[in-house]
Amino acid sequence: MYTELFDKISFSEAKDRVLSKSKLDIESALHTSHSGKAVNFEEYLSLLHPSADTYLEEMAEYSLGWTKKRFGNTISLYMPMYLSNECRSSCVYCGFSFENKIPRKTLNRSEIQAESEVLHSKGIRHVLILTGEDYSITNLEYLRSAVRILKSYFDSISIEIYPMDKEKYEVLIEEGVEGLVVYQETYDPETYSKYHLRGMKKNMRYRLDAPDRGGLAGFRRIGVGALLGLSDPYGEMFRLGEHAHYLSKKYWRTTVQISLPRMRPAEGEFDKAIYVSDREYVRFLFALRLFLTDSGLVQSTRESTQMRNHLAGMPITHMSVESRTDPGGYSGGEELKQFEIEDTRKIEEFTEMLKKKGLDPVFKDFDRAFFQVPDRMS
Amino acid sequence: MTESDDLIIAGRRFKSRLFLGTGKFSSGAALGQAIHSSETEVVTVALRRVDLNSGEDDILTRIDRERILLLPNTSGARDAEEAIRLARLSRELGGGDWVKLEVTPDPVYLLPDPIETLKAAEILVKEGFHVLPYINADPILCKHLEEVGCATVMPLGSPIGTNQGIRTLANLEIIIEQSNIPVVVDAGLGLPSHAAQAMELGADAVLVNTAIAIAKDPAKTAYAFKLATEAGRISRLYSNSGTSTSKKASASSPLTGFLEEESRNVHGVI
């Protein structure tokens, strides 16, 4: 389990490992990139260092090269569907936090259907379903019945819900879920306990090993991420790279994807976010690309149109589009969103931009046939 | 090398990263000299060749088992069943729990059978053996072997005894990158430079037999392999740094010029 690796070094030591890198280390890492190889973990740490900014253009070139080589001129598109904003956890930075007195909603069968019809009509075939951390309302049975509806609309279904045990993940895979996303939020134990006040989410280690349980259960894709802005970004990037690398080596049948969201405004009064500049954010993404050359890098509509336009295909490979973060938001309803989004473009406008850049927007890249054996073969 | 750079296999620590095979030596004395000058700590022996019952076996008497791991191998086995039988026999006769698993149904090129190797490995691991399988350089097979609990994988550099060096480069690179257990490049290494190359690629160890056994001077050649293995390891760990310069100065920034302005007005606030 990842916690075994995690326990070997503290968060502050991890941060110091990044910040102790020298200009020579950075140049050595670039030398590796220049010779056409993926950088190793220590080199990855070097590229996170602020001094690597001097070489940002060079990192961009290598990043573009790797993304083209591994993913071609394509961007996979998906849309998130919030099934519920019910939440029993109190996370001080999140709009869904139990403490926030907001209207709560969980989609029923016909509402899920209505949402699915809207997304399907836009051409979307990859959906990511999300819930808050309420394991009684959005329990396994609820999720199973939701997936049964979604299956007739979407070829690929991923979940971003509260962490589960392996057996429950297996049930969802059996039902037709293909991907699992578990953001750690922060890898800093001190910050984690400070910002997660109550509820199941308070158990940091259970969350840390959720991707492992997903790997053991057999998900085809697992996404991990850190929410930049909660704790020291260098410590977070050390951990995120370490975690994704560990998972991709251990669960070799599983594709590992990485998300790197930055904090966005949300309901509540959290005002302690650590600022991560565009330049830092981009440097982190380039470093991840040069290290984990085969991992999909996911970018949501949290980022600006300018940022998304420039990073698509370099190093970003998977993007959400036209997102709503409120349950029932696509088919009309109340404003119950989890956080503000920045890029509000419609799919048509967004795909037009991708095409102008010479990128192919991919709506479907998976098929249910992988799960369902036709009668004649059974 | 520092202590922290020791090679650890199945919990046992090794300073040397050069494994030695014992076939084809002109005499027990030549083998003994090669063992001495290579400073190897792992010597593999074909079970079919040695008499584990006898305290006077010419090969076994050359191996100081206090210092050196005797690694019995199943060479000659044509399928999983034969290999398993040999390994069990070895353990019965005091050969220990370590086994280099070789399943080579083809008597000409002695290429390993991946299906039978995996089958045998799974059973032997369950029986408590530390299994070090000799295999073709197949990355997927390596992951399967890792999953069933093998102590290492031992992909070939080129067909055994050919001295062709590393002909499986692309696959070895993938294996080394993906493996969570030590990777020992086995077979085909004909020159010390081949061993150095394997170590520079990131292999954890190399196994050499023919190139040393049939050399004009096996002891000197064994010494050369020892140095080459160490040189490759040092190179892997410590070279490159400081030798590179940036590809070019970034006078213009076509890819990152957009960063001149922050995209969001969110300084310090979410």
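The values are calculated or read from the model by the stated rules, or taken from the named source; none is laboratory data. Since the structure is predicted, the reported quantities are computational estimates derived from the model, not experimental observations. Note that we place each Cβ from the backbone using ideal geometry, even for glycine, and neighbour counts take in every protein chain shown. Areas reflect the complete protein model, heavy atoms only, side chains present, ligands, DNA and RNA absent. Shrake-Rupley method; radii C 1.70, N 1.55, O 1.52, S 1.80 Å.
Numbers at a glance
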{"read-out": "The stretch A:181-194: number of residues that are crowded, with 22+ Cβ neighbours inside 10 Å and either among the hydroxyl-bearing types (Ser, Thr, Tyr) or farther than 29 Å from A:Arg220 by Cβ (or both)", "value": "4"}
{"read-out": "Any hit, the stretch A:262-282, residues being away from chain B (no Cβ under 11 Å), outside any strand (DSSP E or B), closer than 25 Å to A:Ala52 by Cβ and open to solvent by 10 Å² or more (accessible area, probe 1.4 Å)", "value": "no"}
{"read-out": "Hits in the stretch B:88-122 (condition: in a loop (DSSP other than H, G, I, E, B) and closer than 19 Å to B:Ile160 by Cα)", "value": "B:Glu102, B:Val103, B:Thr104, B:Pro105, B:Asp106, B:Pro107, B:Val108, B:Tyr109, B:Leu110, B:Leu111, B:Pro112, B:Asp113"}
{"read-out": "Scope the stretch A:63-91; condition in contact with a helix residue (DSSP H, G or I) (Cβ under 8 Å, 6 or more places away or on another chain), part of a helix (DSSP H, G or I) and not hydrophobic (A, V, I, L, M, F, W, C); matching residues", "value": "A:Ser63, A:Thr67"}
{"read-out": "Hits in the stretch B:203-240 - residues which are assigned to a loop (DSSP other than H, G, I, E, B), over 25 Å from B:Ile8 (Cα atoms) and open to solvent by less than 60 Å² (accessible area, probe 1.4 Å)", "value": "B:Ala215"}
{"read-out": "Restricting the stretch A:1-39 to residues that are out of contact with any Ser or Thr (no Cβ under 8 Å at 6 or more places or on another chain) and acidic (Asp, Glu), the residue that is nearest to A:Gly65 (Cα to Cα)", "value": "A:Asp16"}
{"read-out": "From B:Pro105, B:Pro112, B:Pro133, residue being touching a Lys or Arg at 6+ places or on another chain (Cβ under 7 Å) and under 21 Å from B:Arg48 (Cα atoms)", "value": "B:Pro105"}
{"read-out": "Breaking point among (1) in a helix (DSSP H, G or I); (2) more than 9 Å from chain B (Cβ to nearest Cβ); (3) crowded, with 21+ Cβ neighbours inside 10 Å, for A:Ala60", "value": "(2)"}
{"read-out": "Whichever residue in the stretch B:184-221 is touching a Pro at 6+ places or on another chain (Cβ under 7 Å) and modelled with pLDDT of 95 or more and, among such residues, is nearest to B:Val43 (Cα to Cα)", "value": "B:Ala205"}
{"read-out": "Identity of the residue in the stretch A:6-32, away from chain B (no Cβ under 11 Å) and under 24 Å from B:Ile176 (Cα atoms), that ends up nearest to the chain's Cα centre (by Cα)", "value": "A:Phe6"}
{"read-out": "Matching option when the condition is farther than 30 Å from A:Lys346 by Cβ and more than 16 Å from the chain's Cα centre (by Cα), among A:Glu117, A:Glu170", "value": "A:Glu170"}
{"read-out": "Where A:Ser35 falls short, out of the listed (1) of a type in the set (Ser, Thr, Tyr); (2) under 30 Å from A:Val362 (Cα atoms); (3) open to solvent by 10 Å² or more (accessible area, probe 1.4 Å); (4) facing chain B (nearest Cβ under 10 Å)", "value": "(2)"}
{"read-out": "The stretch A:74-93: number of residues that are open to solvent by 20 Å² or more (accessible area, probe 1.4 Å) and within 14 Å of chain B (Cβ to nearest Cβ)", "value": "1"}
{"read-out": "Those residues of the stretch A:166-180 which are within 14 Å of A:Asn139 (Cα to Cα) and open to solvent by 30 Å² or more (accessible area, probe 1.4 Å), in sequence order", "value": "A:Glu167, A:Lys168, A:Val171"}
{"read-out": "Some residue of the stretch A:319-334 being among the charged types (D, E, K, R), open to solvent by less than 10 Å² (accessible area, probe 1.4 Å) and over 14 Å from the mean Cα position of the chain (by Cα)", "value": "yes"}
{"read-out": "Options A:Phe41, A:Phe71; residue that is in contact (Cβ under 8 Å) with a residue 60 or more places away in the chain and either away from chain B (no Cβ under 14 Å) or of a type in the set (D, E, K, R) (or both)", "value": "A:Phe71"}
{"read-out": "Complete set of residues in the stretch A:114-141 that are of a type outside the set (A, V, I, L, M, F, W, C) and free of Cβ contacts under 8 Å to residues at least 40 places away in the same chain", "value": "A:Ser116, A:His120, A:Ser121, A:Asn139, A:Glu141"}
{"read-out": "Conditions (1) part of a strand (DSSP E or B); (2) open to solvent by less than 10 Å² (accessible area, probe 1.4 Å); (3) more than 23 Å from A:Asp134 (Cβ to Cβ); number of the one not met by A:Gln257", "value": "(2)"}
{"read-out": "Residue match in the stretch B:89-98 (condition: buried (at least 22 other Cβ atoms within 10 Å of the Cβ) and under 28 Å from B:Asp113 (Cβ atoms))", "value": "yes"}
{"read-out": "Boolean, A:Ala14 is open to solvent by less than 20 Å² (accessible area, probe 1.4 Å), part of a helix (DSSP H, G or I), under 30 Å from A:Pro189 (Cβ atoms) and at pLDDT 95 or above", "value": "yes"}
{"read-out": "Which listed residue is out of contact with any Ser or Thr (no Cβ under 8 Å at 6 or more places or on another chain), open to solvent by less than 10 Å² (accessible area, probe 1.4 Å) and in contact (Cβ under 8 Å) with a residue 24 or more places away in the chain, from A:Gly241, A:Gly223, A:Gly235", "value": "A:Gly241"}
{"read-out": "Which numbered condition A:Ser22 fails, given (1) over 19 Å from A:Leu288 (Cβ atoms); (2) open to solvent by 50 Å² or more (accessible area, probe 1.4 Å)", "value": "(2)"}
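Conditions tested, residue by residue: (1) farther than 30 Å from B:Asp138 by Cα; (2) small (Gly, Ala, Ser); (3) open to solvent by less than 10 Å² (accessible area, probe 1.4 Å).
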| site | (1), (2), (3) |
| --- | --- |
| B:Leu7 | no, no, yes |
| B:Ala10 | no, yes, no |
| B:Arg13 | no, no, no |
| B:Ser16 | no, yes, no |
| B:Gly23 | no, yes, no |
| B:Leu60 | yes, no, no |
| B:Leu110 | no, no, no |
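Residue-wise test of (1) open to solvent by 10 Å² or more (accessible area, probe 1.4 Å); (2) free of Cβ contacts under 8 Å to residues at least 40 places away in the same chain; (3) under 18 Å from B:Met199 (Cα atoms).
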| residue | (1), (2), (3) |
| --- | --- |
| B:Asp113 | yes, yes, no |
| B:Lys119 | yes, yes, no |
| B:Gly161 | yes, no, no |
| B:Gln164 | yes, yes, yes |
